[in-house]
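Enquirer: I have a structure here, written as structure tokens, and I will follow up with some questions on it.
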Amino acid sequence: MTFDSGKIERYFAWDPQEEEEYRGNITGKGTIGGKGRSLLFAMKKLKESGEPLFEKVELTPSTFFGVGVFHDFLSSVPQLDSLLRQRDPEQLENAFLATPFPDYAVRAVERYLAGMTDPVVVRSSSRLEDSLKHSFAGKYLSTFLINEPEQPLTQRVEAVVEQMKRIYARTYFPTAASYRKKHGLPEDEMGLILMRMAGKWRGKYFYPAMAGVGFSRNYRRWTTRIKAEDGVLRVVFGLGTLSTKRGYARTFSLSNPMLRPEGLNPFNIMRHSQEAFQVVGREERQLLTLNITKTWKEIIPYVPNFRLYAQTYQPDSFGGYFTYIGTSPSFQSPSSKICFTFEDFPCRHRVFFELMKKLLPYLESAMGVPADIEFAYEPVDQKLQLLQCRPLWKGEDSGTGQKPDLEGRKILFKADRMVTNGYAEGIPYLVYVDHRVYALTDQYFEIARGLGSINSKLDGKQFILAAPGRVGSSNPQLGVPVKYNELTNCRCIVEIGIPKMGFMPELSYGTHFFSDLEVDDVLYMPVYDGEKNNIFDEPALDDSPYELGPHPAIRIYRGSFSVYTNGDENIGVVVQDAIYPHL
């Protein structure tokens, strides 16, 4: 990737503390961290652009806290050095919660909440998050608070301050600490953002009509008909939290929004469409995950033109079909259900795509590197709230993408989408999760921890992981719920799609999972059993010698394996060079 060094230098040198327009909304000395600084930089540049479409972009009411507040707070924590040496997250968090917050920071929270009656979000914004190379996606904590106006102001302030302390404690938790250690990074400093949650009250739930993530470059294309520079969006109904996780979302290429990664077959669209969505519940006073087929009566009356987002899937013997939803969906079968397909959205809201086609390249040009944003959008108002903007980091390709010599070499897996240029040869281990065993067990987390155990025992030796469905899924029925820090020695991930068994890789470029893959240069390919130009040689795996892992679903093969991926032609292969019978 070629960077514009001059623009990058100016981007990182810009300090909102030095500008009158922003200084008054910042509490504490020092940087406000990567998320905060980048967000204000983006809004400054959009205002300066003179582009009429950018007037539709808003910054939700927010206030920022510099790392000086963090250091002032740490100086008050009793026996901090001893607590950090003990590495007990619960004990550390309890100590942080018991420590008074700096008075001047508490007053800043009070001033903000005095005029805010909607739910709020407290977001981490650390110094190390302001980086071209390390994303820290999902490594720190962001929390939601309902912030009920009926509550006394002092009680609402206490609730926010408590969450700020929890975020400070997470700076030292294992997830973030292991990430810093893996990449040779120093201790971090934490800034914070307190912002109004994007959305509005719709009945008893608070949420935006739609939200998601956007990228000025699409490095994992599902077809050669689109180019990397076209840009890509990953959109969900409701709160955007699900757009960064390995769940279902609608993926749009900005050059051709109607071109679906899953194709045009109604059954495949249904299988890849969002059904669960997230909201804040007034009665429950917390973040909720709902299913639209079960809650449509509470949702549809409050969402104008609901057909923009959803359709009803009706099964039949030919793969099924979709019907439009009016004021009441028609369920013609016990298997009928509502899916968020966003089928009508590209045609009826072209202004949204016109905005994104200008917004993402403009931000890329302003920063000097590809842009990564989080946003919420209300089609009725045609207003886009920018929630995050930062550089989209992508490692250098680990190969030229040239075709390897495969003569006489056994191809175990072959993929035809979502790959970048890279290769890795002579990998000594292949770890395989047998989909037939996985489908018949409920010991999903035992299998996930088993993979983590293998990863630890390999002690720096690399392996390829091949597993059904989505690796790292929060829903274990969709794939092994292994944590990313349990795959530190993994060089390549192969996700195996078995449609008849319900295991389907999800083209979730833009999630925290894929951000980690990019940073760590882990090769990836989704393989769809039975599809043209895909290979899953299950007989070869069954016939080769292997050792059972900590769970009967896990097999360990020792030998020599190589991976070659060509992003220009969208082809990836895993080849077996040799198998050793004794481990």
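Enquirer: Out of the stretch 94-121, which residues are surrounded by fewer than 18 Cβ atoms within 10 Å (Cβ to Cβ), touching a residue at least 12 places away in the same chain (Cβ under 8 Å), farther than 30 Å from Arg202 by Cα and within 31 Å of the chain's Cα centre (by Cα)?
Expert: Once the filter is applied, which keeps residues that are surrounded by fewer than 18 Cβ atoms within 10 Å (Cβ to Cβ), touching a residue at least 12 places away in the same chain (Cβ under 8 Å), farther than 30 Å from Arg202 by Cα and within 31 Å of the chain's Cα centre (by Cα), the stretch 94-121 yields only Leu97.
Enquirer: Look at the stretch 539-561 and say how many of its residues are touching a Phe, Trp or Tyr at 6+ places or on another chain (Cβ under 7 Å), in contact (Cβ under 8 Å) with a residue 60 or more places away in the chain and closer than 21 Å to Val527 by Cβ.
Expert: The qualifying residues number 7.
Enquirer: State which residue is farthest from the chain's Cα centre (by Cα) when the search covers only the stretch 416-463 and only residues that are in a loop (DSSP other than H, G, I, E, B) and of a type in the set (Ser, Thr, Tyr).
Expert: Across the stretch 416-463, the extreme among qualifying residues is Thr441.
Enquirer: In the list Arg225, Arg250, which residue meets the criterion of being under 30 Å from Val122 (Cβ atoms), touching a residue at least 12 places away in the same chain (Cβ under 8 Å) and among the basic types (Lys, Arg)?
Expert: Arg250
Enquirer: Among (1) surrounded by fewer than 18 Cβ atoms within 10 Å (Cβ to Cβ); (2) touching a residue at least 12 places away in the same chain (Cβ under 8 Å), where does Leu128 come up short?
Expert: Evaluating Leu128 over (1) surrounded by fewer than 18 Cβ atoms within 10 Å (Cβ to Cβ); (2) touching a residue at least 12 places away in the same chain (Cβ under 8 Å) leaves (1) as the failure.
Enquirer: With Arg111, Arg107, Arg166 as the choices, which residue is outside any loop (DSSP other than H, G, I, E, B), closer than 27 Å to Leu242 by Cβ, in the same structural domain as Gly30 (by TED's automatic domain parsing) and not small (Gly, Ala, Ser)?
Expert: Every option except Arg166 fails the conditions.
Enquirer: In the stretch 428-447, how many are crowded, with 21+ Cβ neighbours inside 10 Å and either in contact with a helix residue (DSSP H, G or I) (Cβ under 8 Å, 6 or more places away or on another chain) or at pLDDT below 95 (or both)?
Expert: 7
Enquirer: Within the stretch 328-355, how many residues turn out to be touching a helix residue (DSSP H, G or I) at 6+ places or on another chain (Cβ under 7 Å), part of a loop (DSSP other than H, G, I, E, B) and either exposed (fewer than 12 other Cβ atoms within 10 Å of the Cβ) or among the β-branched types (Val, Ile, Thr) (or both)?
Expert: Final tally of qualifying residues: 1.
Enquirer: While we're on this one: Given (1) under 20 Å from Ser253 (Cα atoms); (2) modelled with pLDDT of 90 or more; (3) not in a strand (DSSP E or B), where does Lys394 come up short, assuming only one miss?
Expert: Only one criterion in (1) under 20 Å from Ser253 (Cα atoms); (2) modelled with pLDDT of 90 or more; (3) not in a strand (DSSP E or B) is unmet by Lys394, namely (2).
Enquirer: Just to verify a result, which residue in the stretch 400-415, among those that are outside any strand (DSSP E or B) and either on the phi < 0 side of the Ramachandran plot or modelled with pLDDT of 95 or more (or both), is surrounded by the fewest Cβ atoms within 10 Å (Cβ to Cβ)?
Expert: Glu407
Enquirer: Still on this structure, I have one more. Among the residues of the stretch 521-537, what is the count of those that are within 18 Å of Pro468 (Cβ to Cβ) and of a type in the set (A, V, I, L, M, F, W, C)?
Expert: Of the residues in that region, 4 qualify.
Enquirer: For Thr175, indicate whether it is modelled with pLDDT under 95 and closer than 26 Å to Pro100 by Cβ.
Expert: No; evaluated as a whole, the condition is false for this residue.
Enquirer: Taking Phe144 as the residue in question, decide whether it is hydrophobic (A, V, I, L, M, F, W, C) and either surrounded by 20 or more Cβ atoms within 10 Å (Cβ to Cβ) or in a helix (DSSP H, G or I) (or both).
Expert: Answer is no for this residue.
Enquirer: Next question. Tally up the residues in the stretch 525-543 that are on the phi > 0 side of the Ramachandran plot and over 29 Å from the mean Cα position of the chain (by Cα), please.
Expert: 0
Enquirer: Mind checking which residues of the stretch 249-302 are basic (Lys, Arg) and under 23 Å from Val213 (Cα atoms)?
Expert: Those that are basic (Lys, Arg) and under 23 Å from Val213 (Cα atoms): Arg250, Arg260, Arg271.
Enquirer: Would you mind listing the strands (runs of 3 or more DSSP E) fully within the stretch 488-583 where at least 1 residues are modelled with pLDDT of 90 or more and of a type in the set (D, E, K, R)?
Expert: Where strands (runs of 3 or more DSSP E) fall fully within the stretch 488-583 and carry at least 1 residues being modelled with pLDDT of 90 or more and of a type in the set (D, E, K, R), they are 490-497, 554-566.
Enquirer: Take Met258 and decide whether it is outside any helix (DSSP H, G or I) and out of contact with any His (no Cβ under 8 Å at 6 or more places or on another chain).
Expert: It is true that Met258 is outside any helix (DSSP H, G or I) and out of contact with any His (no Cβ under 8 Å at 6 or more places or on another chain).
Enquirer: Kindly indicate whether Gly422 is modelled with pLDDT under 90, crowded, with 22+ Cβ neighbours inside 10 Å and farther than 22 Å from Arg217 by Cβ.
Expert: For Gly422, the condition - modelled with pLDDT under 90, crowded, with 22+ Cβ neighbours inside 10 Å and farther than 22 Å from Arg217 by Cβ - is not met.
Enquirer: Looking at the stretch 306-327, I want the residues that are under 19 Å from Pro346 (Cβ atoms) and have a partner that is of a type in the set (Asp, Glu) and surrounded by 17 or more Cβ atoms within 10 Å (Cβ to Cβ) with Cβ atoms under 7 Å, at least 6 apart or on another chain. Which pairs are those?
Expert: What qualifies is Gln311/Glu343.
Enquirer: Now for a different question. Mind telling me which of the residues Gly214, Gly231 ends up being out of contact with any Ser or Thr (no Cβ under 8 Å at 6 or more places or on another chain), surrounded by 23 or more Cβ atoms within 10 Å (Cβ to Cβ) and under 30 Å from Met356 (Cα atoms)?
Expert: Only one candidate passes the filter, namely Gly214.
Enquirer: Applying the selection to the stretch 20-44, what residues are more than 28 Å from the chain's Cα centre (by Cα), surrounded by 13 or more Cβ atoms within 10 Å (Cβ to Cβ) and assigned to a loop (DSSP other than H, G, I, E, B)?
Expert: Scanning the stretch 20-44 gives Asn25, Gly28, Gly30.
Enquirer: Hey, Ala159 hits all of (1) in contact with a Leu (Cβ under 8 Å, 6 or more places away or on another chain); (2) touching a residue at least 24 places away in the same chain (Cβ under 8 Å) but one; which does it fall short on?
Expert: (2)
Enquirer: Turning to a different aspect of this structure: Failed condition for Gly191, given (1) closer than 30 Å to Leu145 by Cα; (2) out of contact with any Gly (no Cβ under 6 Å at 6 or more places or on another chain), with all others met?
Expert: (2)
Enquirer: With respect to Tyr168, determine if the residue is surrounded by 22 or more Cβ atoms within 10 Å (Cβ to Cβ) and within 20 Å of the chain's Cα centre (by Cα).
Expert: No; evaluated as a whole, the condition is false for this residue.
The values are calculated or read from the model by the stated rules, or taken from the named source; none is laboratory data. None of these values were measured; they are calculated from a predicted model. FYI the Cβ positions are ideal-geometry reconstructions off the backbone, even for glycines, and counts take in every protein chain you see.
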